[in-house]
1. Across the stretch 133-154, what is the total count of residues that are out of contact with any Ser or Thr (no Cβ under 7 Å at 6 or more places or on another chain) and among the acidic types (Asp, Glu)?
2. Mind listing just one residue for me: the one in the stretch 403-430 that is in contact with a Lys or Arg (Cβ under 9 Å, 6 or more places away or on another chain) and not aliphatic (A, V, I, L, M) and, of those, farthest from residue 318 (Cα to Cα)?
3. So how many residues does the stretch 493-541 have that are over 18 Å from the mean Cα position of the chain (by Cα), assigned to a loop (DSSP other than H, G, I, E, B) and more than 11 Å from residue 263 (Cβ to Cβ)?
4. Going through the stretch 396-428 one residue at a time, which ones are of a type in the set (D, E, K, R) and assigned to a helix (DSSP H, G or I)?
5. Can you go through 191, 210 and tell me which one is modelled with pLDDT of 95 or more and buried (at least 24 other Cβ atoms within 10 Å of the Cβ)?
6. I need the full set of residues from the stretch 28-69 which are within 25 Å of residue 3 (Cα to Cα), touching a helix residue (DSSP H, G or I) at 6+ places or on another chain (Cβ under 8 Å) and among the β-branched types (Val, Ile, Thr), in order please.
7. Could you run through the stretch 145-161 and say how many residues are away from the ligand (no atom under 14 Å from the Cβ) and either surrounded by 15 or more Cβ atoms within 10 Å (Cβ to Cβ) or free of Cβ contacts under 8 Å to residues at least 24 places away in the same chain (or both)?
8. Which pairs turn up if I take residues in the stretch 358-381 that are closer than 13 Å to residue 297 by Cβ and at pLDDT 95 or above and look for partners that are assigned to a helix (DSSP H, G or I) and among the basic types (Lys, Arg) with beta carbon separation below 9 Å, at least 6 apart in sequence or on another chain?
Amino acid sequence: MRWWGWGEEDGHVAAMPDAATALLRDEIGVDPAAPRRHHIALEDVVLPGPRLPAAAREQLSAALGAEHVRDDREARVAHAVGRSYPDLVRLRSGDGSSAPDAVVTPGSADQVRAGLAACADQRVAVVPFGGGTSVVGGVEPVSEGFAGVVSMDLRGLNRVILIDRTSLTATLEAGLSGPQIEQALAAEGLTLGHFPQSFEYSTVGGWVATRSAGVASTGFGRIDELVEGLRLIAPAGEVDARALPASAAGPDLRELVVGSEGVLGVICDATLRVRAAPRAKRYEGWWFGSFAEGREAFRVMEQADASPDVARLSDEDETRFSLVFASPGGAVERLGRAYLRARHRESGCLAIVGFEGTADDVERRRVRAAALLRAGGGITLGRRPGELWLGSRYAGPYLRDELLDRAVLVDTLETATSWSDLDALYRATRDALRSSLVGRGTPPFVMCHISHLYRSGASLYFTFMARQDDDALGQWRAAKAAASEAIVAAGGTITHHHAVGRDHAPWMRAEVGEMGLELIRAAKQRLDPAGIMNPGKLLPA
Ligand SMILES: Cc1cc2nc3c(=O)[nH]c(=O)nc-3n(C[C@H](O)[C@H](O)[C@H](O)COP(=O)(O)OP(=O)(O)OC[C@H]3O[C@@H](n4cnc5c(N)ncnc54)[C@H](O)[C@@H]3O)c2cc1C
């Protein structure tokens with residue numbers, strides 16, 4: 001991946017439509033003619049001198065082979081941060097202060113075990129690194145209190161161990177990426193169906209360690225629902241949660257490891273539930289008069305067990321944004337404007353619903369969902385908006401690089417709560433983000449969508465943008481803290497799928513309580529007595 005952003009060097013670059021440039025100018029005061037702020041050159045990134053003790057380097061080289069212990073500039077910069085907004089702001093400006101002392105690249109579970117033993121012996125901290133797409137500071141090396149810190153890049157663990165077509169499971173090594181998995185499964189007529197927006201780069205181990213959610217997770221694809229078994233290698237031993245369809249043998253150890261964010265050990269492989277690759281797909285756009293109207297229609301549909309696999313409802317601002325940004329050729333915009341004109345309305349809300357499966361199944365479910373959406377006030381826009389969304393669902397991150405060039409603060413955050421409390425949580429979070437950014441003199445654009453529907457509630461996904469001020473990181477920190485406080489006060493979860501990492505750790509106490517923290521700490525103490533595994537993440541200081 002480009003060290004300063006998203007995608008491959010010389011790969012895809014997002015082009016900003018003129019209408020989008022105008023929207024940024026009108027809404028948040030970004031001057032289209034202002035000079036671009038490109039990232040600095042790789043050679044100019046300032047790195048701390050590597051301080052891995054010679055004995056640690058020797059022991060790691062003996063465990064993994066010298067070629068699997070790298071401390072060159074490129075490797076250290078590529079593992080210095082994840083892919084959050086503050087990560088990229090820092091790196092693009094040349095701040096590589098969080099770079100690991102070395103990057104180790106085991107190629108097998110045995111090498112992971114040996115590498116962890118060497119690090120425990122030498123008091124070297126270890127950061128498990130999958131695709132490095134964390135947006136919560138989850139892969140940022142922390143070395144205080146240790147003799148050094150290494151990033152353990154797990155992409156060498158890339159074997160498909162077993163595809164069991166009869167049981168519909170696949171046992172996969174942790175470093176396999178989304179495309180690698182889907183390619184292997186497609187050859188067998190299967191799919192995992194886990195499609196986070198970071199799909200192109202994120203890995204099995206990262207998904208399991210963060211409890212990630214794919215865009216189709218209303219129907220299938222939340223990783224915690226797909227894990228049948230897994231193996232964690234920790235400094236003090238191993239947890240082998242056998243792959244079983246169900247078990248009544250005490251607390252489920254899978255649940256201890258899923259979401260453990262590298263603080264307990266390294267997930268080396270996982271057995272995941274797979275399904276037949278869909279033979280039919282149908283994606284559609286719908287319009288609602290308001291966010292509240294659409295939300296209620298989604299609730300009724302979900303509670304009638306009639307939900308599609310993908311269900312997203314944008315609020316009025318995100319709808320406005322989508323019409324301009326995400327509508328190549330203006331097809332959605334034309335449909336949306338026609339809808340508004342016909343109903344003499346100023347605004348409305350766009351929903352995307354998607355069904356996948358056999359042709360019969362898709363048609364039967366579509367008809368049922370459509371009846372409920374219509375009864376809830378929705379108007380169908382047909383397939384075009386749904387297909388446009390499907391075709392561009394991985395495009396957003398590329399656009400972020402373009403926005404950073406234009407000195408735009410752009411970030412996302414997500415939460416979830418019950419249907420009863422969803423509106424209050426929506427308003428509280430949106431207002432907190434707005435107040436924080438307005439308070440610094442940078443009028444923001446805050447937008448949200450509902451996705452990931454559950455019988456009892458749903459998630460809210462916010463995107464916020466503002467002109468960067470002179471202290472871009474301070475501006476972001478203030479907005480993030482304001483939103484997090486508001487989420488906790490309104491009873492939402494501090495994260496629905498991005499995980500805790502370093503950025504949400506200060507609010508973990510509010511999330512799980514003091515005893516909850518003590519239980520996680522006790523498990524860590526037993527599995528990782530020297531405390532070398534991913535320090536500074538998940539647990540508050
Ligand atoms: C543009 C963009 C879009 C995104 N979209 C989504 C989305 O739609 N849904 C979603 O849920 N998330 C999303 N994310 C967040 C991120 O992609 C997920 O958290 C993903 O699961 C991380 O996977 P990864 O392999 O990149 O893990 P990394 O970023 O490398 O690591 C994430 C955490 O897991 C730990 N870890 C990684 N591998 C292992 C392992 N084998 N054993 C133990 N610990 C390990 C790391 O130490 C770290 O704490 C997005 C991020 C970006 C940048």
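The values are calculated or read from the model by the stated rules, or taken from the named source; none is laboratory data. Quick caveat, the model's predicted, so the values are computed rather than measured. Please note: Cβ atoms are built from the backbone with ideal geometry, for glycine as well, and neighbour counts cover all protein chains shown.
1. 1
2. It comes out as 405.
3. Residues that pass the stated criteria total 4.
4. 400, 401, 402, 405, 421, 423, 427 - these are the residues of the stretch 396-428 that are of a type in the set (D, E, K, R) and assigned to a helix (DSSP H, G or I).
5. 210
6. Within the stretch 28-69, 40, 45, 69 qualify.
7. Residues flagged as away from the ligand (no atom under 14 Å from the Cβ) and either surrounded by 15 or more Cβ atoms within 10 Å (Cβ to Cβ) or free of Cβ contacts under 8 Å to residues at least 24 places away in the same chain (or both) within the stretch 145-161 amount to 4.
8. Listed by first residue and then by second, the contacts come to 376/299.
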